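Written out below as structure tokens is the structure these notes cover.
What follows is calculated from the coordinates using simple rules that are stated; it is not laboratory data. A quick note: this is a predicted structure, and the numbers were derived from the prediction, not measured. Quick reminder, even Gly has a Cβ in these numbers, built from the backbone with ideal geometry, and neighbours come from all protein chains shown.
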Amino acid sequence: MGTTTEFTTTNDYELGRMADGFAAFVERYPAFSRTRLLDQWRETEYSRLDASGQIYLDYTGGGLYGESQLLGHMDLLRTSVLGNPHSANPSSLAMTDLVEETRRYILTYFNASPDEYIAVFTPNASGALKLVGEAYPFTPASHYILTFDNHNSVNGIREFAKGKGAQVKYVPLTRPELRLDREALDATLGTVDGDQRNLFAFPAQSNFSGVKHPLDLIDEAHHNGVDVLLDAAAYVPTNGLDLGTVKPEFVTVSFYKMFGYPTGIGALLISRSIFRKMNRPWFAGGTVNFASVQGDGHYLAANEAAFEDGTINYLNIPAIKTGLQHLETVGIDTIAERVQCLTGWLLENLLSLQHSNGKPMVRIYGPTDTQMRGGTVTLNFYGPDERLLDYRRIEELANARGISLRTGCFCNPGAGEIAEGLTADDMLAGLKDGPDMSLPHFVQVIQHRGNKSAGAIRISTGLVTNFEDVYRFMNFAADFRDKTNLNIGKVTFDIQSCRVIRDGS
Ligand SMILES: Cc1ncc(COP(=O)(O)O)c(C=O)c1O
């Protein structure tokens with residue numbers, strides 16, 4: 001964006017014209033000028049955003065691809081004859097070479113030594129997490145420790161753990177910043193028997209609050225004889241992860257979150273030491289060195305193939321290398337810096353929003369400055385009467401302005417429950433209605449139990465967010481000045497979404 005861009009505000013938002021706002025922003029966040037290559041990309045690689053007038057603020061939901069990624073991949077497909085890599089014919093071998101090259105590239109990207117880690121291709125981060133859950137050698141003497149702040153695909157591993165008799169323990173978060181309660185974690189880690197197989201899972205960055213949980217937790221868990229599953233899905237799109245420095249046993253990622261294209265491929269990075277101890281509960285095409293019907297036996301492959309069920313998404317796999325190179329061209333630190341500047345500005349401006357009676361217009365869940373947080377900002381709007389505004393209606397109004405944001409619980413019910421002050425009784429009131437319970441219904445139940453929310457609005461900045469995006473979002477936000485639910489009208493659609501209630505065990 002140039003500083004001369006004309007922008008007509010639709011309200012009396014104090015920043016005035018966007019160009020003035022931009023000048024003030026750059027003065028406050030001078031580091032932003034080091035990220036201008038991304039503004040150029042916005043005009044070339046990502047011109048479709050401005051051509052269609054879209055304000056994309058859902059990078060935690062999914063990243064965006066640059067045009068060159070598509071062209072590079074299409075070129076490869078146009079000019080190659082590629083077959084299923086499970087054979088030994090020329091087209092198959094050509095594909096195998098590309099798959100293995102990509103596998104090596106992923107390890108190099110994360111600075112993971114091939115002597116220490118292997119990379120398994122999965123359909124997404126959830127697929128990677130499921131592999132861990134079903135093959136981790138839990139026993140009745142094991143603990144599965146996890147934080148309240150986890151994606152449901154990490155929460156779901158508790159079912160595998162419980163199925164094998166392991167104890168499941170949740171570590172709470174502190175309010176209002178929604179950071180991990182370190183004392184509670186120390187106490188929990190202190191109760192486990194370090195001679196057993198124990199697993200601690202946490203997200204490097206929260207997909208709810210943007211909190212970055214410290215990576216030194218990995219060493220702390222190791223000192224207590226506990227293995228670590230680092231869910232890096234929301235972290236790696238805007239941060240570097242150096243597996244030469246931190247060494248969790250498992251790392252899970254979804255590549256579309258990092259660079260938008262292709263969807264349908266994730267990875268599980270497993271340390272070689274734990275790989276040998278994993279027990280896959282079944283075998284499938286591609287996972288065995290040898291299997292017999294009459295002999296009723298099988299030998300799993302000794303490498304990553306043991307975890308790749310059936311035919312992998314082979315034609316798309318080379319696009320992962322292209323995507324990683326795309327990030328490397330601009331540098332992950334540049335992306336991190338840009339996201340930090342824009343998020344800092346957004347937080348400051350959201351916090352300054354007030355109704356004419358002086359009441360705050362928004363409540364932000366999680367850190368309100370840029371210390372140890374990423375570009376995910378979750379909030380709710382409140383009226384001048386301090387009543388919660390319906391986030392679903394706000395999403396609907398945002399849609400009308402071409403703003404893509406996310407609402408609901410973001411598949412992270414634990415962080416939401418703590419952020420919104422929902423108690424076990426509130427959640428049990430929801431559970432009481434049985435399997436017919438849905439998020440819209442739960443929202444009603446919770447509103448009847450007090451001025452609480454069972455969901456929120458999430459905006460997330462990323463790779464090519466520019467000042468104009470956040471500025472236009474602020475303009476939208478400022479429009480809720482002095483507005484109540486009556487003024488904004490009723491939502492006209494229902495959002496069915498996930499909500500898994502934290503297990504009390
Ligand atoms: C922190 C985190 N973990 C796991 C996932 C699951 O990713 P996927 O839906 O690609 O499997 C997500 C998706 O939003 C996430 O943010």
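General remarks:
- Whole-Å semi-axes of the stretch 192-343's equivalent ellipsoid (Cα gyration tensor): 31, 23, 11
- Cα long-axis angle, helix 90-109 against the chain (0 to 90 degrees, to the nearest 10): 60 degrees
- Share, in percent, of DSSP beta bridges within the stretch 71-328 that are antiparallel, nearest 5: 55 percent
- Longest exposed-site-free window of the chain, the sites being GluC sites (Glu not before Pro) in a DSSP loop that have at most 12 other C-beta atoms within 10 Å: 15-385
- Modelled spin labels at Leu70 and Asn399, positioned 7 Å past Cα toward Cβ, are 2.4 nm from each other.
- Of His73, His223, His151, the sequence from fewest to most neighbouring Cβ atoms within 10 angstrom is His223, His73, His151.
- Nearest-ten-degree value, helix 318-330 long axis tilted from longest Cα axis of the chain: 50 degrees
- This ranking places Asp186, Asp231 by how few other beta-carbon atoms lie within 10 Å of each, fewest first, which gives Asp186, Asp231.
- The stretch 236-247 - phi-based ³J(HN,Hα) in whole Hz, Karplus 6.51/-1.76/1.60, Gly and Pro as x: 5, x, 10, 9, x, 10, 10, 7, x, 9, 10, 10
- For Val228, residues with placed amide H under 5 Å, excluding near neighbours: Phe200, Glu249, Phe250
- Residues in the stretch 124-129 carry Karplus couplings, in order, of 5, 5, 4, x, 5, 5 Hz; the curve used is 6.51 cos²θ - 1.76 cosθ + 1.60 with θ = phi - 60°, and Gly or Pro positions show x.
- Where labels lie 7 Å past Cα in the beta-carbon direction, separation of Asn289 and Glu348 in nm: 6.1 nm
- Check: the chain dipole with +1 on Lys, Arg Cβ and -1 on Asp, Glu Cβ, in debye: 600 debye
- Dimensions in Å of the stretch 6-125 - Rg and Dmax from alpha carbons: 21.8, 68
- Extended-chain gain in nm, criterion 0.36 nm per residue less alpha-carbon gap, Ala31 and Asp436: 140.8 nm
- Pairs of lysine residues in the stretch 71-328 - Cα separation under 25 Å, sequence separation of 8 or more or cross-chain: 19
- Cα-Cα pairs of the chain separated by more than 31 Å (percent): 48 percent
- Rg(Cα)/(2.2 N^0.38 Å) for the stretch 374-467, N = residue count: 1.17
- Cα gyration tensor shape of the stretch 183-237, rounded if a/c is under 1.5, else prolate or oblate by comparing a/b with b/c: prolate
- Ser92 versus His222: modelled label distance in nm, points set 7 Å from Cα along the beta carbon direction: 4.0 nm
- Rounded, prolate or oblate (a/c below 1.5 giving rounded, otherwise prolate when a/b exceeds b/c) for the stretch 118-214 by Cα gyration tensor: oblate
- Alpha carbon convex hull of the stretch 42-110, volume per residue in cubic angstrom: 135 Å³
- Under the combined filter of DSSP loop state and at most 13 neighbouring Cβ atoms within 10 Å, the stretch 226-318 retains these chymotrypsin sites (Phe, Trp or Tyr not before Pro): Trp282.
- Once the Cα atoms are used to define both axes, helix 439-448 deviates from the longest principal axis of the chain by about 50 degrees.
- Semi-axes of the equivalent ellipsoid for the stretch 71-328, computed as √(5λ) from the eigenvalues of its C-alpha gyration tensor and ordered from largest down, come to 32, 23, 14 Å.
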